[in-house]
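Contents: one structure, followed by commentary.
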Amino acid sequence: MSILSFIKEAGEKLFHRDPPPASAPADEVKAANDQAADAIVAYIEAQGLKATGLTVTYDGATGTVTVYGVAPDQATKEKIVLCCGNVKNVESVNDQMTVDQSAPEAQYHTVVKGDNLSKISKQYYGDPNKYTKIFEANKPMLKSPDLIYPGQVLRIPPL
């Protein structure tokens, strides 16, 4: 359980509008936050990721997503957290998830301009040819090893 930081301006555009201003009526703010949380859950489900009791909340004022549930394994948990965080207007994810089968945790890497999976692989593994391990660790969110973008956060699993 931890809080992970993300770049608020980067990521999937799941919300149809920006969060309402703090001065908006409370019911409008709640409705917008609930709609955003539902969009994140739908995105997680569209990736084929499952967790028992998956619950997502969103606070538009702080750009914070909180995610609860029990994932079947560490990799699924980390992918769900990344699905929550790699979303435009999300600045942090409060990870309250647990796992059925624990395993070593992955590291995380925030993509910067000029990065590619080979360069990232060389940085973490000392071998640029192990980029496929990073690609596989971030599927289904990554569709191609060439389609990463600055601000995106990737899982870097242990070798």
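The values are calculated or read from the model by the stated rules, or taken from the named source; none is laboratory data. Keep in mind the model is a prediction, meaning the values are calculated, not measured. Here Cβ is always computed from backbone atoms with ideal geometry, including for glycine, and neighbour counts include all displayed protein chains. Heavy atoms of the whole protein, side chains included, go into the accessibility calculation; ligands, DNA and RNA do not. Shrake-Rupley method; radii C 1.70, N 1.55, O 1.52, S 1.80 Å.
Semi-axis lengths, largest first, of the ellipsoid equivalent to the chain are 28, 18, 12 Å, with √(5λ) applied to each eigenvalue of the Cα gyration tensor. For Met141, the accessible area of its heavy atoms, probed at 1.4 Å with every protein chain present, is near 40 square angstrom.
If R₀ is 35 angstrom, what is the calculated FRET efficiency for the pair Leu159 and Glu91, using the beta carbon separation as r and rounding to 0.05? Before the final figure, lay out each step's value.
On the way: r = 31 Å, r/R0 = 0.88.
Step by step, r from the Cβ atoms, then E = 0.70.
Can you tally the net charge around Lys119? Count Lys and Arg as +1, Asp and Glu as -1, for every other residue whose Cβ sits under 15 Å from the Cβ of Lys119.
Values: positive: Lys113, Lys122, Lys130, Lys133; negative: Asp115, Asp127, Asp146.
Computed value for this residue: +1.
Quick one: among Gly60, Gly85, Gly48, which has the greatest mean-square fluctuation in a GNM of the chain with alpha-carbon springs under 10 angstrom? In the Gaussian network model the winner is Gly48. For segment 21-80, the dipole from Cβ point charges (+1 on Lys and Arg, -1 on Asp and Glu) about the Cα centre works out to 200 debye, to the nearest 20.
Per residue, segment 1-87 exposes 50 Å² of solvent-accessible protein surface, assessed with a 1.4 angstrom probe and all protein chains in place.
Quick one: compute a quarter of the convex hull surface over the Cα atoms of segment 96-145 and quote it in nm².
Values: hull surface 18.4 nm².
Value for segment 96-145: 4.6 nm².
Of the beta bridges in segment 1-141, as assigned by DSSP with both residues counted there, near 50 percent are antiparallel. Partner lysines whose Cα lies under 18 Å from the Cα of Lys122, excluding those fewer than 8 positions away in the same chain, are identified as Lys113, Lys130, Lys133. Each semi-axis of the equivalent ellipsoid for segment 72-159 is √(5λ) with λ an eigenvalue of the Cα gyration tensor; in descending order they amount to 21, 17, 10 Å. Label-to-label distance, Glu105 versus Asp38, with points set 7 angstrom from Cα along the beta-carbon direction: 3.3 nm. The relative contact order of segment 62-144, computed from alpha carbon pairs under 8 Å that lie at least 6 residues apart in sequence, is 27 percent.
What number, rounded to the nearest 500 deg cm²/dmol, is the helix-based mean residue ellipticity at 222 nm of the chain, given -39500 (n - 2.57) per DSSP H run of at least four residues and division by all its residues? Working shown, then result.
Numbers: 4 runs with 49 residues, N = 159.
About -9500 deg cm²/dmol.
For the chain, which whole-number percentage of the solvent-accessible area (1.4 Å probe, protein heavy atoms only) is attributable to carbon and sulfur atoms? Answer for the chain: carbon and sulfur cover 51 percent of the accessible area.
Cα centroid separation, segment 34-59 to segment 86-159: 20 Å. Please report, to two decimal places, log10 I(q)/I(0) for segment 28-90 at q = 0.14, 0.16, 0.18, 0.25 Å⁻¹ as given by the Debye formula with identical point scatterers on the Cα atoms and no solvent. Values, matching the q order: -0.36, -0.46, -0.58, -1.04.
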